[in-house]
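Right, one structure below, let's go through it.
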Amino acid sequence: MDLTYTPEEEEFRARLREWLAAVLPTLPPKPPPEDWPARRAYDLGWQRMLYDAGYAGLHWPVDAGGRGATPTQHLIFLEETEQAGAPYVGAGFVGLLHAGPTIAAEGTAEQRARWLPPILRGEQVWCQGFSEPDAGSDLAALRTRARRDGDDYVVSGSKIWTSHAEVADWCELLVRTDPSAPKHRGITWLAMPMDAPGITVRPLKTLAGSAEFAEVFLDEVRVPVGHRVGAENDGWRVTMVTLSFERGTAFVGEVIACRRVLGELAREARKNGRWDDPALRRRLGRLNAEFRALWRLTQWNVSEAERSGGVPGAGGSVFKLRYSHARQELYDAAADVLGAQALDLDRPWVPDRLSSLSYTIAAGTSQIQRNIVAERILGLPKGR
Amino acid sequence: MTRPVHFQLTDDQRALRDGVRELLEGRFGRQALRTALDTPGLDRTLWRELGEAGFFALRLPEAEGGVGVGLPEAVLAFEQAGRVLLPGPLVATHLAADARVPGAATGEAVVTAVQGGLVEWLDEADVVRGDASGAVPLRSVDPLTPLHRVPDGGGTAPPDVPLAVLLTAAEQLGSASRTCELAVQHARTREQFGRPVGAFQAVKHLCAGMLERVGTARAAVYAAAVTADPLDIAAARLLADEAALHGARDCLQVHGGMGFTWESDVHLHLKRAWVRARRSGDVTESEEILAGDLLADLPGATV
Ligand SMILES: Cc1cc2nc3c(=O)[nH]c(=O)nc-3n(C[C@H](O)[C@H](O)[C@H](O)COP(=O)(O)OP(=O)(O)OC[C@H]3O[C@@H](n4cnc5c(N)ncnc54)[C@H](O)[C@@H]3O)c2cc1C
């Protein structure tokens with residue numbers, strides 16, 4: 001067991017740090033949270049800077065245009081960019097972390113050449129059209145229908161909770177191509193251009209008051225068969241391949257950010273006198289233990305992925321379960337520090353407290369994670 | 001690329017862990033545990049065997065007859081001890097061997113220490129570290145850990161307290177992973193309403209919570225073993241205590257009425273976890289250390 005880095009890794013870190021120090025001051029000011037087109041431009045601008053400096057697609061395979069970095073290098077990259085206050089992947093999330101890796105793993109040479117470079121260069125935004133009104137945790141129950149018509153699929157149905165749908169160029173879409181097959185076997189993965197006729201996007205306001213996700217209605221939308229990744233009716237497997245691209249690095253930046261927030265909370269508490277309350281101090285002390293442990297668990301999971309050649313361990317669900325809860329506790333503690341000001345949306349941490357509420361729901365609810373841990377790791381019998 | 005960061009067990013560490021597990025399961029398996037319950041006193045033969053196997057001398061240099069390995073290896077060994085509920089003042093004797101207390105390394109001497117206002121196994125000890133004068137026996141809640149209370153807390157603490165806290169956390173971790181296994185085993189085999197109770201989600205989620213706490217605590221304990229940093233140790237202690245205490249409680253719940261019996265091992269895990277949690281002193285101390293760390297880079301920060 002070792003927590004030191006190799007000279008090569010330290011050099012990678014030093015060069016990255018130097019580059020961040022040089023470029024971050026040249027960034028334009030952050031756009032207002034509600035200006036989605038401006039946010040898209042900002043996020044893509046940052047991606048372009050990464051691309052020009054050779055940091056785009058760090059963890060992607062080389063033959064997909066990536067840098068083939070090790071999980072540890074990816075960890076260092078996320079750690080350093082967060083610590084330096086660099087922009088978050090933002091609107092590039094689905095392209096860089098889900099749709100892109102799916103295409104890299106399962107797409108044809110032609111599909112890779114068409115869709116991957118614009119993602120890496122920060123030219124195109126992807127969104128994820130998986131969830132439906134009647135298919136959330138039970139994603140495989142999805143009903144959006146795709147019927148073959150010549151060289152096209154004709155798609156009708158509706159998607160919901162689609163993040164960044166309004167500013168996306170492409171959607172990675174799961175559709176039902178065989179309604180008579182068992183539910184996991186009749187699903188197909190399609191790349192759908194968001195400007196195709198028949199698509200209506202209706203923004204949904206989140207409890208934080210913002211419109212970061214949307215409903216997407218599909219009415220006889222024609223998607224060329226050539227936009228299908230993987231075989232027809234093999235979409236469930238195609239999608240799961242990508243979920244397993246997760247190499248323990250999913251929350252690196254966020255854990256670092258939480259540790260920074262915790263330090264800021266302590267300083268604020270000291271300034272406003274709350275620090276004199278031993279119960280509050282102890283609460284913050286416990287959170288310090290929690291986030292230290294989560295950081296160590298991240299390092300553990302990344303090392304495990306490293307050892308197994310990129311295949312993730314079972315640690316992902318355990319981590320997500322623990323982290324999403326810890327993050328909510330962090331912002332509840334922030335409210336304790338803020339006192340009456342915790343009700344003021346203009347105070348720092350108050351909007352973050354609101355968005356932290358989605359962590360135990362998005363990307364698999366905590367209940368679903370517990371089912372996964374119990375059934376796939378502990379081997380308990382499957383539920384009814 | 002040379003070797004990447006490797007926060008995983010090395011092959012040697014795996015071998016050591018498996019070796020210790022085999023030794024302890026062979027020498028102190030379930031039957032021995034139940035026998036110990038009915039046989040007051042410490043098994044001196046076992047103690048010497050542990051000494052011969054190098055359990056106490058793990059971190060002593062080979063030139064002095066030790067095993068010559070480090071803190072991570074000691075943590076792995078203590079984790080195994082926690083799994084099987086190995087009785088005796090293991091941590092105190094191990095640390096006494098480091099301090100060259102005669103007989104500790106070989107297991108010829110049983111060494112105990114005043115920790116958290118209590119002394120474990122005082123009547124069996126050949127050497128007591130710390131001031132145990134005026135110690136009064138109490139009727140220990142843990143049938144396998146006789147306890148004395150020291151009136152004024154036992155005076156100043158020895159300098160190896162953080163290591164004692166870490167090795168105790170390792171035992172807690174071992175106990176927590178064992179109670180998780182016991183709960184899962186029971187949940188897979190006990191049937192009600194025509195199915196294993198582990199098919200019920202309420203039971204399943206208790207088990208998942210246990211594994212979640214074990215996994216997080218393990219990362220914290222192993223990291224503290226690598227860094228030996230007092231803050232990492234304080235964090236490891238909080239996480240490991242939580243995993244052991246909460247884990248034993250949930251394990252008991254999963255066992256139903258069987259969990260409330262003397263015959264089941266679950267209560268032994270819970271009771272020992274209570275003793276160990278106390279051994280590391282007040283929880284508030286660990287929490288305050290970690291709170292203070294949040295202001296560490298502030299000039300003039302006091303707490
Ligand atoms: C901020 C945010 C962004 C999102 N972005 C996207 C996106 O870009 N693309 C996309 O496709 N989706 C997205 N989602 C959707 C997300 O994946 C779903 O919300 C999630 O999978 C849960 O589905 P649901 O909302 O239908 O809840 P439901 O599945 O209806 O769950 C309701 C409750 O029942 C519980 N439950 C359900 N099934 C079980 C079970 N088997 N055992 C125990 N409990 C169960 C759940 O835990 C939950 O508490 C987003 C969600 C959020 C909050």
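What order do you get for A:S158, A:S308, A:S356 when you list them from fewest to most C-beta neighbours inside 10 Å? Display every interim value, and only then the final one.
Details: A:S158 18, A:S308 13, A:S356 22.
Lowest count first: A:S308, A:S158, A:S356.
If I stretch the segment between A:L343 and A:K30 completely, what's the gain in nm (0.36 nm per residue apart, minus their alpha carbon distance), one decimal?
Gain on stretching A:L343 to A:K30: 110.2 nm.
Would you work out which of A:W275, A:L338, A:S366 lies farthest towards the positive end of the dipole of the stretch A:251-377? Charges go on Cβ: Lys and Arg +1, Asp and Glu -1.
The listed residue farthest towards the positive side: A:W275.
Nearest 20 debye, what's the magnitude of the dipole of the stretch A:11-91 about its Cα centre given +1 on Lys and Arg Cβ and -1 on Asp and Glu Cβ?
80
By how many nm would the segment from A:N233 to A:Q367 lengthen if fully extended, with 0.36 nm per residue of separation less the alpha-carbon distance?
45.4 nm is the gain from fully extending A:N233 to A:Q367.
Local charge sum around B:R34 (other residues, Cβ-Cβ under 9 Å, Lys/Arg +1, Asp/Glu -1)? Please list the in-between numbers first.
Values: positive: B:R30; negative: B:D38, B:E263, B:D265.
Its environment carries a net charge of -2.
Helix A:71-83 versus the longest principal axis of chain A: what angle, 0 to 90°, nearest 10, using Cα atoms?
60
Could you bin all the Cα-Cα distances of chain A into 20 Å bins starting at 0 and give me the percent of pairs in each, rounded to whole numbers?
P(r) over chain A, rounded to whole percents: 25, 59, 15, 0.
Can you bin the stretch B:11-154 into rounded, prolate or oblate? Criterion: square roots of the alpha carbon gyration tensor eigenvalues sorted a ≥ b ≥ c, rounded for a/c under 1.5, prolate for a/b above b/c, oblate for the rest.
Oblate, because a/c is 1.5 or more while a/b does not exceed b/c.
Below 11 angstrom from the Cβ of A:R39, what's the summed charge of the other residues (Lys, Arg +1; Asp, Glu -1)?
Around A:R39, the charge tally is -3.
When the Cα centres of the stretch A:23-61 and the stretch B:173-202 are compared, how far apart do they sit, in Å?
Centre-to-centre (Cα) distance: 48 Å.
Provide the FRET efficiency to the nearest 0.05 for the B:D38-B:D18 pair, computing r from the beta carbons and using R0 = 22 Å.
0.15
Report the extension gain between A:V62 and A:A113 in nm, rounded to one decimal, defined as 0.36 nm multiplied by the number of residues separating them, less their alpha carbon distance.
17.1 nm
Name the chymotrypsin sites (Phe, Trp or Tyr not before Pro) in the stretch B:158-226 that are in a loop by DSSP and that have at most 12 other C-beta atoms within 10 Å, would you?
Sites meeting the loop and neighbour criteria: B:F193.
Could you tell me how many degrees, from 0 to 90 and to the nearest 10, lie between the Cα long axis of helix A:109-120 and the main elongation axis, the longest principal axis, of the Cα atoms of chain A?
Between the helix axis and the principal axis of chain A, the angle is about 30 degrees.
Among A:T242, A:T108, A:T177, which one moves the most in a GNM of chain A with springs linking Cα atoms closer than 10 Å?
A:T108
If R₀ is 45 angstrom, what is the calculated FRET efficiency for the pair A:E264 and B:T45, using the beta carbon separation as r and rounding to 0.05? Could you put the intermediate results ahead of the total?
Values: r = 57 Å, r/R0 = 1.27.
Rounded to the nearest 0.05, the efficiency is 0.20.
Whole-Hz ³J(HN,Hα) for each residue in the stretch A:360-368, computed from phi via Karplus 6.51 cos²θ - 1.76 cosθ + 1.60 with θ = phi - 60°, x for glycine and proline: what do you get?
With the stated coefficients, the stretch A:360-368 comes to 8, 10, 5, 6, x, 5, 4, 5, 5 Hz.
Can you classify the protein assembly as shown as rounded, prolate or oblate using the Cα gyration tensor, where a ≥ b ≥ c are the square roots of its eigenvalues, rounded means a/c under 1.5, and otherwise it's prolate if a/b beats b/c and oblate if not?
Numbers: a/c = 2.10, a/b = 1.76, b/c = 1.20.
Prolate, because a/c is 1.5 or more and a/b exceeds b/c.
What angle do you read, to the nearest 10 degrees and between 0 and 90, between the alpha-carbon axis of helix A:278-307 and the longest principal axis of chain A?
Tilt of helix A:278-307: around 50 degrees.
Quick check on the stretch A:32-170: take the gyration tensor over C-alpha atoms, sort the square-rooted eigenvalues as a ≥ b ≥ c, and tell me if it's rounded (a/c under 1.5), prolate or oblate.
Prolate shape, in that a/c is at least 1.5 and a/b is the bigger ratio.
List, in order, the whole-Hz ³J(HN,Hα) value for each residue of the stretch A:84-91 obtained from phi through the Karplus relation with A = 6.51, B = -1.76, C = 1.60 and θ = phi - 60°; use x for Gly and Pro.
7, x, 5, x, 7, 4, x, 5
Taking +1 at the Cβ of each Lys and Arg and -1 at the Cβ of each Asp and Glu, which of B:Q115, A:P101, A:N288 sits farthest along the dipole of the protein assembly as shown towards its positive end, judged by Cα position relative to the Cα centre?
Value computed over the given set: A:P101.
Which residues make up the longest stretch of chain B that has no GluC sites (Glu not before Pro) in a DSSP loop with at most 15 other Cβ atoms within 10 Å?
In short, B:109-262.
Taking the dipole about the Cα centre of the stretch B:136-272, with the C-beta of Lys and Arg at +1 and of Asp and Glu at -1, give me whichever of B:T227, B:S175, B:L163 is farthest to the positive side.
B:S175
To the nearest 20 Debye, how big is the dipole of the stretch A:74-138 about its Cα centre, given +1 on the beta carbon of each Lys and Arg and -1 on that of each Asp and Glu?
Details: 3 positive and 9 negative charges, 71 e Å.
So the dipole magnitude of the stretch A:74-138 works out to roughly 340 debye.
Within a Cβ distance under 14 Å of A:D344, other residues only, what is the Lys/Arg minus Asp/Glu net charge?
Net of charged neighbours comes to -1.
Would you mind finding the longest exposed-site-free stretch of chain B, with exposed trypsin sites (Lys or Arg not before Pro) meaning DSSP loop and at most 14 other Cβ atoms within 10 Å?
B:140-303
I want to check the label-to-label distance for A:D134 and B:D297. Put each point 7 Å from Cα in the C-beta direction and report it in nm to one decimal.
Between A:D134 and B:D297, the label points sit 5.4 nm apart.
Would you please give the residues with an amide H less than 5 Å from that of A:T144, counting only those at least 5 places away or on a separate chain, with H modeled from the backbone geometry?
It is A:S158, A:R176, by chain and number.
For the cross-link pairs A:K183/A:K205; A:K320/B:K204; A:K159/A:K205; A:K159/B:K204, which exceed 25 Å when the distance is taken from alpha carbon to alpha carbon?
As for pairs spanning more than 25 Å Cα to Cα, those are A:K183/A:K205; A:K159/B:K204.
Could you size up the charge dipole of the stretch A:236-363 around its Cα centre, putting +1 on the beta carbon of Lys and Arg and -1 on that of Asp and Glu, and report it in debye to the nearest 20?
340
Please report the relative contact order for the stretch B:161-296, taking Cα pairs under 8 Å with a sequence separation of at least 6, and give it as a percent rounded to a whole number.
It rounds to 32 percent for the stretch B:161-296.
Please sort through the DSSP H helices of chain B and keep those with an alpha-carbon extent of at least 27 Å along the long axis and a Kyte-Doolittle average not below -1.0.
B:161-189, B:201-227, B:230-255
So what is the relative contact order for chain A, in percent, with contacts set as C-alpha pairs under 8 Å and at least six apart?
Taking the mean separation of contacting Cα pairs over the length of chain A, I get 13 percent.
Please check: in the Gaussian network model of chain B (C-alpha springs, under 10 Å), which one of B:V136, B:V114, B:V184 has the largest mean-square fluctuation.
B:V136
Between the stretch B:231-274 and the stretch B:6-71, how far is it from one alpha carbon centroid to the other, in angstrom?
Centre-to-centre (Cα) distance: 22 Å.
Over chain B, what is the relative contact order in whole percent, taking alpha-carbon pairs under 8 Å and six or more residues apart?
16
Values quoted throughout were computed directly from the atomic coordinates according to the rules given, and no laboratory measurement underlies them. Keep in mind that this is a model prediction, so the values were computed, not measured. When we count neighbours, we look across all protein chains shown, and the Cβ atoms used for this are built from the backbone with ideal geometry, even at glycine.
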